[in-house]
Amino acid sequence: MAEPRSLVVEQLVMEFVHDGYAVRPLDGLSFTAHAGEIAMLLGPSGSGKTTLLSCLGGMISPTSGSIRFGDAELVGATPAERNAHRRDRVGFVFQSFNLIPSLSARENVAAPLMLAGWDRRQAYERADQMLAEVGLAERRNHQPSQLSGGQQQRVAIARALAHDPPVLLADEPTASLDHIQAEEIIRMLRTLRDAGRIIIVSSHDTRIIPIADRVVQMVDRQATTGELGRRRVADGTSIFEQGEPADVIYTIEDGEVDIIRILADGTEEALARVGAGAYFGELGPLLGFPRSASARAHGDTVLVAHDPAAFRSQLDET
């Protein structure tokens, strides 16, 4: 393994344009992970965890900000530089294992090495070594269908580490596993961390939190877009903005609210105007997504802010 260095992310922005709309799964994210640490990316689906891993692995190029690994800067790097980063510095572990069904465990681990130019004999020797390290030496000739979910994930980890990268990126590595299998993978991550690698794990599995050296909140669940209860807002007041964390649902007692989407060029598109008796802003809090549009008072307006549980109860009653 090459000597690991700190991985430093500063003010990272990733913006996509979809049907003329600007979508920012990452907006000003900063954190640092050092050698021998596990950094856990914690957040619900849609909070940008997989997008961040893709940026860290050099698979996509961020819009702005900085990703530094030692002296190397990934933001603005050429495709060739990002390819070299993936090849030399990074190992990937996926939620769905991504093993080739027709190949044995040994062949799954050896295949990327041979594609990278390794001699077949050397690739198989390295595969045997890695499978022994993850406790699967006796299962090396088994195909994925003959292995449990936990065993398949261990093969995937062996494959990710076969070229001895200093950084391991794991996308929901325990999501497809039962409790016992997940504990095996968590113990393995802790062992890999102790060996001096930088490990970045995206997950909503809180069982990983105790072994994490730092937790990166992908959506700040402490941030609220409004106080709960009844309040009066003046004409033109912003109730929430597109891209903000979403944890409050609103009903309108009096007045009207404009729902607006911000387009990629910075202009605004009016989506709807809702009035007394209506509710809005429910999808983000109920599904764990950031706000997909902005809301502003049209005239003096009286709102009632609910948390998701209270809102569900109110819907059940009506």
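The values are calculated or read from the model by the stated rules, or taken from the named source; none is laboratory data. Note that the structure is predicted; figures quoted are calculated from it, not measured. Cβ: placed from backbone, ideal geometry, glycine included. Neighbour counts: every protein chain shown. Accessible surface areas use protein heavy atoms only, side chains included; no ligands, DNA or RNA. Shrake-Rupley method; radii C 1.70, N 1.55, O 1.52, S 1.80 Å.
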Report, by residue number, each residue of region 168-202 that is in contact with a Gly (Cβ under 7 Å, 6 or more places away or on another chain) and among the β-branched types (Val, Ile, Thr). Ile185
Being open to solvent by 20 Å² or more (accessible area, probe 1.4 Å) and under 12 Å from Ala160 (Cβ atoms) is the filter here, so list the residues in region 176-196 that pass it. Met188, Leu192
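Which residue, of Val8, Val93, Val109, is at pLDDT 90 or above, in contact with an Asp or Glu (Cβ under 8 Å, 6 or more places away or on another chain) and open to solvent by less than 30 Å² (accessible area, probe 1.4 Å)?
Details: Val8 fails: in contact with an Asp or Glu (Cβ under 8 Å, 6 or more places away or on another chain); Val109 fails: in contact with an Asp or Glu (Cβ under 8 Å, 6 or more places away or on another chain).
The conditions single out Val93.
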Which residue is surrounded by the fewest Cβ atoms within 10 Å (Cβ to Cβ), if the candidates are limited to region 96-106 and must be closer than 25 Å to Thr174 by Cβ and not aliphatic (A, V, I, L, M)? Pro101
Wholly within region 1-115, helices (runs of 4 or more DSSP H) carrying at least 2 residues that are among the acidic types (Asp, Glu): 79-89
Looking at region 271-289 only, could you name the residues that are free of Cβ contacts under 8 Å to residues at least 24 places away in the same chain and either among the β-branched types (Val, Ile, Thr) or farther than 13 Å from Gln242 by Cβ (or both)? Ala272, Val274, Gly275
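I'd like the full set of residues that are open to solvent by 40 Å² or more (accessible area, probe 1.4 Å) and at pLDDT 90 or above, limited to region 11-31. Steps first, answer last, please.
At the first step, the residues of region 11-31 found to be open to solvent by 40 Å² or more (accessible area, probe 1.4 Å) are 11, 15-19, 21, 23-24, 27, 30.
Selection gives Gln11, Ser30.
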Single residue of region 167-213 satisfying the filter (out of contact with any Asp or Glu (no Cβ under 8 Å at 6 or more places or on another chain) and charged (D, E, K, R)) that is farthest from Leu99 (Cα to Cα): Asp194
Tabulated pairs, region 73-86, first in contact (Cβ under 8 Å) with a residue 40 or more places away in the chain, second in a strand (DSSP E or B) and surrounded by 15 or more Cβ atoms within 10 Å (Cβ to Cβ), C-beta under 8 angstrom, 6+ apart or interchain: Val75/Leu12; Val75/Gly65; Val75/Ser66; Val75/Ile67
Residues satisfying the stated conditions in region 69-90, i.e. surrounded by fewer than 17 Cβ atoms within 10 Å (Cβ to Cβ) and closer than 30 Å to Arg207 by Cβ: Arg86
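With the structure loaded, tell me whether Gly243 is at pLDDT below 90 and either over 26 Å from the mean Cα position of the chain (by Cα) or surrounded by fewer than 19 Cβ atoms within 10 Å (Cβ to Cβ) (or both) or whether it fails that test. Don't jump to the end; show me each part of the working.
Details: at pLDDT below 90: yes; either over 26 Å from the mean Cα position of the chain (by Cα) or surrounded by fewer than 19 Cβ atoms within 10 Å (Cβ to Cβ) (or both): yes.
So Gly243 fits the description; yes.
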Which of (1) crowded, with 19+ Cβ neighbours inside 10 Å; (2) within 33 Å of the chain's Cα centre (by Cα); (3) not aliphatic (A, V, I, L, M) does Arg261 not meet, given it meets every other one? (1)
Filter region 43-68 down to the residues that are of a type in the set (Gly, Ala, Ser), surrounded by fewer than 22 Cβ atoms within 10 Å (Cβ to Cβ) and without any contact (Cβ under 8 Å) to a residue 40 or more places away in the chain and list them by number. Ser54, Ser61
Within region 116-130, work out how many residues are open to solvent by less than 70 Å² (accessible area, probe 1.4 Å) and outside any loop (DSSP other than H, G, I, E, B). 6
